[in-house]
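Okay, structure first, notes after.
The values are calculated or read from the model by the stated rules, or taken from the named source; none is laboratory data. Source: prediction; values computed, not measured. Cβ placement follows ideal geometry from the backbone for every residue including glycine, while neighbour counts extend to all protein chains displayed. Side chains are part of the model used for accessible areas, which takes the heavy atoms of the whole protein and leaves out ligands, DNA and RNA. Shrake-Rupley method; radii C 1.70, N 1.55, O 1.52, S 1.80 Å.
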Amino acid sequence: MLVRETQTHRDTDRQTRLNIMALQVCNRANIGVNGEFSSWFEVLSGIPQGSILGPLLCLIYINDLPELCASQDVGSKIYLYADDTKIYKVINQITDQLDLQTIMNTVNTWSDEWLLQLNIDKCKVVSYCVKTPLDAEYHIVDGNMSYNLELHTEP
């Protein structure tokens, strides 16, 4: 039924198709803390966690991100695993650093557009190098705030 329903709506945008699929999986939720539960409320966006179809819905939801990043910089690679994203780029010069920041900005904008909030505390930069790394600062903008990302250097 899920496949038939999404094929019926082939001409609609991705968000509409995902909304149709999510409605069929779960469009209501409640929150429990210490055995106390809230009343049920409507879920307007996102993917239900703990569902059987959740991982598939997540893959469909983020499917265009690698292509979007590749269109910005062919030298950058993006790896996706569930809700974890890694961006990889060889940095030889300052322009490479600027390209990486551009990709990070693209991911941040995409995330905002699709209502997927980045966890700034989990965003890190790791540098693996044989030589002395180039001095670099990368950042993510969230609303009116700009956050510098912590740089880890590995030999």
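Structural remarks
- The candidates SER71, SER38, SER127, arranged from most to least accessible area with a 1.4 Å probe in the full protein assembly, appear as SER71, SER38, SER127.
- Amide H to amide H distances under 5 Å link ASP142 with TYR147, where only residues 5 or more positions off or on other chains count and H is placed in the peptide plane.
- The distance between label points at PHE37 and LEU56 comes to 2.6 nm (points 7 Å beyond Cα on the Cα→Cβ vector).
- Extending 7 Å from the Cα toward the beta-carbon at both LEU151 and ALA82 defines two label points whose distance is 3.1 nm.
- Mean Cβ neighbour count within 10 Å, used as a protection proxy, ranking 97-105, 62-70 highest first: 97-105, 62-70
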